[in-house]
Each structure stands twice: as C-alpha cells, then as structure tokens.
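Okay, so here's the structure we're looking at.
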Amino acid sequence: MGAVKIVNLKAERGDSLTRSITFKDSDGDPINITGWTIYFTIKEKEDDSDDVAKIKKDITAHLNAPGGETKVSVLASVLNELVGKYYYDYQFKKAGGEIKTIIKGTYTFGKDITRRVT
C-alpha cells in the first residue's frame, strides 16, 4: 500500500452506498486485516472535526479478514439530505496502532428525482 489514492466520486442523494475494499500488498497478494478498524468519514469541510462529520463509520467486522476484504455500507436514510460536494476518506488502523489514509477525495451528491420511497 503506497501513497494515498485520490478518487472523486458521485452518487445521488438518498441512494444506499456500498463499497467493497480489498487490501493487497505490492505483489497483489491479500493482506490479512484481522483486528483492523476501517474508518469511513464524510465531511462538509475538510477541516471539520469528526464530531460534526456528516457520516462516520467504524468497520471492525470484515467480509473476509484473512483475504483482506471489507465492506462499507451506508443506509439511504443517512444520505437523504446530502446534496452538493463533500470530502471523504478511508483510513485503517491496524491492531498494533498504525494508522494510514488509503483513499480520499470529494463525494458529490446530485439531486435525485424520485423522493417517494418511504
């Protein structure tokens, strides 16, 4: 895992969000993420404290920890009021305490058309 990857994403307000991440070493082999915490955060401003983040997810139960696979899911109801550009990142914290940002960028939420899904 090298430098932070910059990825700018788009989604529609109120849509469910699910992203899978597989951790691999420089040879392409899976990294065992047992005991790791994956943090997913979306903020209105990059410098906002985590206390005012729009979304904060701490993932400790992974799809396949020995195979390096995890999944981040956010319910549609949580994303229902997000419209415009926000900042996000994914970080991991290893069991031994090492913390690293792996992906960051902007998340732009467009206005959905259908609103009668409740």
Right, L63: more than 28 Å from D112 (Cα to Cα) and in contact with a strand residue (DSSP E or B) (Cβ under 9 Å, 6 or more places away or on another chain) or not? yes
Are any of the residues in region 76-92 at pLDDT below 95 and loosely packed, with under 15 Cβ neighbours inside 10 Å? yes
Looking only at residues in region 19-36 that are among the β-branched types (V, I, T) and over 14 Å from the mean Cα position of the chain (by Cα), which one is farthest from N8 (Cα to Cα)? T34
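Sort through K45, K54 and tell me the only one that's under 27 Å from T108 (Cβ atoms), surrounded by 15 or more Cβ atoms within 10 Å (Cβ to Cβ) and of a type outside the set (A, V, I, L, M, F, W, C).
On the way: K45 fails: surrounded by 15 or more Cβ atoms within 10 Å (Cβ to Cβ).
None of the others qualify; the one that does is K54.
The values are calculated or read from the model by the stated rules, or taken from the named source; none is laboratory data. Keep in mind the model is a prediction, meaning the values are calculated, not measured. Glycine also receives a Cβ, built like all others from the backbone with ideal geometry; neighbour counts cover every protein chain displayed.
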